[in-house]
Amino acid sequence: MSFQQQSLWSATAPELPSFANRPLPERADVVIIGGGYTGLSAALRLAKLGANVTVLEKETIGWGASSRNGGMVLTGHKHGIGEMTRVFGMERARDLWNASLAAIETVATIVQEEKIDCDFARRGHLDAAYKPAHMKDLEETHELLERDFDYTTQIIPKEKLRAELDTNFYHGGMVDERSAGLHPAKYVRGLALAAQRAGADLHDATSATQIEKSANGFVVKTARGNIFAQDVIAATNGYTDRATPQFQKRIIPIGSYIIATEPLGNELASQLIPNNRMIFDTKNFLYYFRRSPDDRIVFGGRAAFFPESRDTVRESADILRKGMLEIFPQVENYPTAYAWGGTLGFTFDIYPHAGQMDGVYYAMGYAGHGVALATYLGQQLGNRIAGKEWHNPFEGMNFPTMPLYSGNPWFLPFAALYYRFLDWVQ
Ligand SMILES: Cc1cc2nc3c(=O)[nH]c(=O)nc-3n(C[C@H](O)[C@H](O)[C@H](O)COP(=O)(O)OP(=O)(O)OC[C@H]3O[C@@H](n4cnc5c(N)ncnc54)[C@H](O)[C@@H]3O)c2cc1C
């Protein structure tokens with residue numbers, strides 16, 4: 001099979017100017033490590049509030065998960081609302097849920113105010129039931145949201161599923177109209193330009209190697225020189241490295257992979273996914289898929305559990321294509337045109353975390369739900385550092401680690417077996 005091993009999104013977004021080899025400042029009010037949604041959203045907010053802010057990105061701005069994801073701007077978090085209510089009680093679960101809604105509005109506002117041309121559209125999402133028994137879970141979620149969260153979703157029984165999805169593969173689903181879709185690389189590049197317009201100082205190819213406390217702040221060390229900063233934000237999510245060991249031992253990097261077909265044409269694409277929803281299913285080893293703005297099928301999943309590499313992209317592309325054809329045999333004659341991978345940031349409790357540790361601000365651990373939330377938490381960290389009112393739905397939550405874990409997830413193959421087993425029996 002011949003396809004390009006790069007993200008469809010990066011290949012179809014206007015290129016950014018290079019931010020490499022620009023002189024580093026000696027001082028900044030805030031140094032942000034990581035040039036994805038979290039870092040750039042924080043930079044935009046801080047620059048707008050008048051702070052002198054420098055963003056360090058070890059590759060190129062937007063290089064990480066922010067230019068390679070599914071572009072699904074989703075309500076909720078990785079854990080379902082039932083689980084959040086059981087673990088935290090109603091009040092905190094409501095706060096977490098409402099933050100996810102506010103996060104979508106934050107993306108919508110930034111896109112509109114900064115005139116970011118990124119195909120943002122409120123299409124809603126469909127959570128598709130992989131097994132008949134999963135419909136009961138979706139129905140319980142639907143009822144809980146209606147009763148205790150004053151929030152309406154729609155249950156789609158199997159016999160009506162064709163109005164959403166032209167397949168026999170699933171057993172019904174739940175539609176949430178509030179979610180949206182966008183072109184992730186256009187969005188992250190638009191965010192970068194907006195942050196730069198607001199006055200943020202962006203740097204490609206500049207890896208932060210160490211952060212040292214100093215009298216009135218921090219010294220951020222890089223191979224190109226040191227920067228003194230009053231405040232530092234770690235915005236490195238799945239790519240967190242030894243520059244911030246306190247976060248590296250709390251983040252589990254997990255590979256996720258996506259393929260995109262050749263364009264199907266509007267007629268076939270509209271037949272397969274008539275309402276143009278963002279779709280994911282109820283498996284642990286889930287599939288997520290959608291139409292691209294140019295009517296391809298973009299189909300992703302955790303086909304391998306390792307951080308991405310060229311070999312795992314090739315293997316995953318085959319696995320994903322088989323999965324896609326089981327759902328949509330209609331696309332058999334449309335070859336895979338692009339295949340790529342990216343690294344998700346998971347945490348040991350599968351909740352995102354944000355706040356301050358050892359004096360360093362952070363927001364990370366979105367577990368595949370970061371497009372909206374990373375944007376939101378970046379803005380909120382900006383507010384916090386600038387002394388404005390801020391909201392952190394994860395305030396006070398313990399950010400767990402595991403004894404002897406320092407960032408190398410040796411246990412992932414075992415976890416993968418366990419989750420495949422659960423998908424088989426549940
Ligand atoms: C394949 C895939 C599909 C996904 N699909 C969805 C989806 O549909 N919907 C959704 O909501 N979420 C999705 N996600 C998750 C979402 O993309 C992320 O949660 C989000 O992009 C995180 O943004 P971020 O800015 O925190 O991290 P990233 O965008 O990953 O950026 C972190 C950056 O930090 C840089 N960095 C790391 N260490 C250093 C250092 N020492 N010095 C300088 N720079 C450093 C890295 O190079 C990287 O560019 C997906 C993720 C993947 C991988």
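Over what distance in Å are the Cα centres of segment 256-279 and segment 128-169 separated?
21
Do the sum for the chain: with -39,500 (n - 2.57) for every DSSP H run of n ≥ 4, divided by all residues, what is the mean residue ellipticity at 222 nm, to the nearest 500 deg cm²/dmol?
Helix-only estimate at 222 nm: -10000 deg cm²/dmol.
Determine ³J(HN,Hα), in whole Hz, for all residues of segment 256-265 in sequence, where each value follows from phi through the Karplus function 6.51 cos²θ - 1.76 cosθ + 1.60 and θ = phi - 60°; x replaces Gly and Pro.
3J(HN,Hα) across segment 256-265, in whole Hz: 9, 10, 9, 10, 10, 7, 5, x, 8, x.
Which residue, 161, 126, 325, tops the fluctuation ranking in a GNM of the chain built on C-alpha contacts under 10 Å?
In this elastic network of the chain, the residue with the biggest mean-square fluctuation among 161, 126, 325 is 325.
Looking at segment 20-110, which GluC sites (Glu not before Pro) are in a loop (DSSP not H, G, I, E or B) and have at most 10 other Cβ atoms within 10 Å?
26
Report, as a whole number in µm² per second, the diffusion coefficient that Stokes-Einstein gives for segment 8-418 at 20 °C and 1.002 mPa s using the Kirkwood radius over alpha carbon pairs.
Stokes-Einstein gives a translational diffusion coefficient of 99 µm²/s.
Given a cut-off of 18 Å, name the pairs among 283/322; 48/115; 158/322 whose C-alpha atoms lie farther apart than that in the structure shown.
Violating the 18 Å limit, Cα to Cα: 158/322.
Of all trypsin sites (Lys or Arg not before Pro) in segment 115-171, which ones are in loop regions per DSSP and have a Cβ with at most 10 other Cβ atoms within 10 Å?
Sites meeting the loop and neighbour criteria: 115.
Quote the FRET efficiency, to the nearest 0.05, computed for residue 271 versus residue 314 with a Förster distance R0 of 35 Å and r equal to the Cβ-Cβ distance.
Working from the Cβ atoms, E equals 0.70.
Taking just the alpha-carbon atoms of segment 10-135, what radius of gyration and Dmax come out, in angstrom?
18.4, 60
Starting from the coordinates of the alpha-carbon atoms of segment 160-309, obtain the Kirkwood hydrodynamic radius over all distinct pairs and give the value in Å to one decimal.
After inverting the mean inverse Cα-Cα distance, the result is 19.3 Å.
Be a star and scan segment 19-47 for residues whose amide nitrogen sits under 18 Å from the point 7 Å along the Cα-to-Cβ vector of residue 216.
25-31
Hey, can you rank 385-393, 314-322, 185-193, 227-235 by average C-beta count inside 10 Å, highest first?
Most protected by this proxy first, the peptides run 185-193, 227-235, 314-322, 385-393.
Between 23, 409, 274, where does the largest GNM mean-square fluctuation fall for the chain, given springs only between Cα atoms within less than 10 Å?
23
Applying the Karplus parametrisation 6.51 cos²θ - 1.76 cosθ + 1.60 with θ = phi - 60° to the phi angles of segment 59-64, what ³J(HN,Hα) value in whole Hz is obtained for each residue in order, glycine and proline being reported as x?
3J(HN,Hα) across segment 59-64, in whole Hz: 9, 10, 3, x, 5, x.
Coordinate-derived values only; no laboratory data. Treat the numbers as computed from the prediction; the structure is a model and nothing was measured. Every residue, glycine among them, receives a Cβ derived from its backbone with ideal geometry; neighbour counts consider all protein chains shown.
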